[in-house]
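The structure appears below as structure tokens.
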2 protein chains.
Amino acid sequence: MMARRHDKATELRAIPITGMGEVLPGDSVADTILAALRRQKLKLMPGDIVVVTHKIVSKAEARTVMLDRVQPSPASRRWAARYRLDARLVHLAVQQAKRVVRRRRGVIITETAHGFVCANSGVDASNVDGGRSAVLLPADPDRSAREIRLGIRKKTGISVPVLITDSFGRPWREGLCEVTIGVAGMKPFRDFRGRRDPHGYRLRASVEAVADELACMAGLACGKLSRSPACVIRGFPCEPGREGARSIIRPGKRDLFR
Amino acid sequence: MMARRHDKATELRAIPITGMGEVLPGDSVADTILAALRRQKLKLMPGDIVVVTHKIVSKAEARTVMLDRVQPSPASRRWAARYRLDARLVHLAVQQAKRVVRRRRGVIITETAHGFVCANSGVDASNVDGGRSAVLLPADPDRSAREIRLGIRKKTGISVPVLITDSFGRPWREGLCEVTIGVAGMKPFRDFRGRRDPHGYRLRASVEAVADELACMAGLACGKLSRSPACVIRGFPCEPGREGARSIIRPGKRDLFR
């Protein structure tokens, strides 16, 4: 029997999309990406995956907050003073949270309205406007991903999966890794359960979070200071799917660490 | 001022190393990789990074256990019976642990002797010999990575960073992602702290776990059923370093989730 398509070892490429310029509220992220691709003389091809850091999506969706309009609560002020943080950012982080998961030594880990568990509810002042504003996560990143996918299809006739990413910390391991917060047009997982390895052993627990691995690959290609907030991944045989990034969130009752 | 080398957006490639065949105890992983590269007509170049799944390293280092020689403890037998698991694998997982972090609903999360927090201490029966043996993690994966790096340098004159990887689950998110358990010849992190973004905002918390992101990229390229247990990553401007993967392990006192 032929190996199924998603088993094959395949060469992959991550090509950063450069020269996108500043994204403003109301801009179409799809159009911005396509214009940059044209300038770069890079043509999207069937099978490509477009990965976009959430920050430009949030900016386009006007999910930014002027910090001088934020009135931090007394509790946020106390916490911020104790750890030398910006009380307005602390206040926004708590405000954007459905639940505070841990709060210790200046670190606030929250569960966001979407269900993501991350530091500061994803609120961040970097790569915005020099510290005057903070960016929130998109209200519905799966919907944002679908809109970008549709926008690209409309203009090019090509259907590419779209991933929207952010950088999250992890327990037990130092450093941030990119993760997916929005998915359109592909399965976020590659499921090997029940399949047999080349030795005939039946795999039990092998579900690979390929969307998050693609996010990591894009993060390496884009960097954080390079004004390259999106990239094209070429060569990865993903499977079509409609689940969205919400399916990556582990339900509380299956989670040993809430 | 020129952007520093590790800021630039750069095109990346992950090229799977195919046709490696079975690795036996005592084999040189470096020689096995180089022989496969020759057959594939792929030449290592300065700047390449070689990523190897730990399984072939463990096999070469004879870190396998015949399951019919394992005498599970009564506690392991009870736990296994309750969740329909193989008591011998449960026994090995507990035996390889420095500490059990969580044990619930058939899932055992442990801290290994190295300090990694993962399911079943990394003990795994897939991709070995059809279920007769289990593979343990290498005793010192950073040393294993250094040996492979030295072996490659000796035969080719080229110094490439070497990463050794495994698939770990994560709290809060479904699915496995590749992580690095051994690093030689590069810094596992890209540290943006104190740097300014294009808007002049000084970054505070941005330390990117690039070794783990490279592991993810390699995982996408290699797959799990394809007999491609290693790959070459080309184009990523990593920084030289001697820290090893142990530096990725977050010290207990800095960890909010132990």
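The values are calculated or read from the model by the stated rules, or taken from the named source; none is laboratory data. As the structure is a prediction and not an experimental result, all values here were calculated from the model. Don't worry about glycine lacking a Cβ; one is built from the backbone with ideal geometry, like all the others, and counts go over all protein chains shown.
When the residues of the stretch A:151-172 are filtered to those that are within 9 Å of the chain's Cα centre (by Cα) and of a type in the set (Ser, Thr, Tyr), the one that is nearest to residue A:107 (Cα to Cα) is A:167.
For the stretch A:99-146, which positions are part of a strand (DSSP E or B) and small (Gly, Ala, Ser)? Break it down stepwise before answering.
Let us first name the residues in the stretch A:99-146 that are part of a strand (DSSP E or B), namely A:99-104, A:107-112, A:117-119, A:124, A:133-135.
Within the stretch A:99-146, A:119, A:133, A:134 qualify.
Given the condition without any contact (Cβ under 8 Å) to a residue 40 or more places away in the chain and in contact with a strand residue (DSSP E or B) (Cβ under 9 Å, 6 or more places away or on another chain), answer yes or no: does some residue in the stretch A:153-172 qualify? Yes, the conditions are met somewhere in the stretch A:153-172. With respect to (1) without any contact (Cβ under 8 Å) to a residue 24 or more places away in the chain; (2) more than 18 Å from residue A:56 (Cβ to Cβ); (3) surrounded by 15 or more Cβ atoms within 10 Å (Cβ to Cβ), the lone exception for residue A:83 is condition (3).
Regarding the stretch A:127-145, can at least one residue be identified that is assigned by TED's automatic domain parsing to the domain that holds residue A:76, at positive phi and under 20 Å from the mean Cα position of the chain (by Cα)? There is at least one residue in the stretch A:127-145 that is assigned by TED's automatic domain parsing to the domain that holds residue A:76, at positive phi and under 20 Å from the mean Cα position of the chain (by Cα). If you filter the stretch A:238-254 down to residues that are in a loop (DSSP other than H, G, I, E, B) and surrounded by fewer than 17 Cβ atoms within 10 Å (Cβ to Cβ), you find that the one that is nearest to the other protein chains (Cβ to nearest Cβ) is A:251. Mind checking whether some residue in the stretch A:207-218 is assigned to a strand (DSSP E or B), in contact (Cβ under 8 Å) with a residue 60 or more places away in the chain, within 9 Å of chain B (Cβ to nearest Cβ) and closer than 21 Å to residue B:227 by Cα? No, because not a single residue in the stretch A:207-218 is assigned to a strand (DSSP E or B), in contact (Cβ under 8 Å) with a residue 60 or more places away in the chain, within 9 Å of chain B (Cβ to nearest Cβ) and closer than 21 Å to residue B:227 by Cα. All of (1) closer than 30 Å to residue B:12 by Cβ; (2) free of Cβ contacts under 8 Å to residues at least 24 places away in the same chain hold for residue B:117 with one exception: (2).
Hey, among B:158, B:181, which residue is surrounded by 24 or more Cβ atoms within 10 Å (Cβ to Cβ) and either among the aliphatic types (A, V, I, L, M) or modelled with pLDDT of 95 or more (or both)? Full working, then the answer.
On the way: B:158 fails: surrounded by 24 or more Cβ atoms within 10 Å (Cβ to Cβ).
Result of the check over B:158, B:181: B:181.
Every condition in (1) within 14 Å of chain A (Cβ to nearest Cβ); (2) surrounded by 18 or more Cβ atoms within 10 Å (Cβ to Cβ); (3) within 30 Å of residue B:189 (Cα to Cα) is met by residue B:30 except one, and the failing one is (1).
Listed here are the residues, each with its yes/no results for (1) closer than 25 Å to residue B:66 by Cβ; (2) among the β-branched types (Val, Ile, Thr); (3) away from chain A (no Cβ under 11 Å).
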site: B:123; (1), (2), (3): yes, yes, yes
site: B:137; (1), (2), (3): yes, no, yes
site: B:144; (1), (2), (3): yes, no, yes
site: B:156; (1), (2), (3): no, yes, yes
site: B:162; (1), (2), (3): no, yes, yes
site: B:197; (1), (2), (3): no, no, no
site: B:203; (1), (2), (3): no, no, no
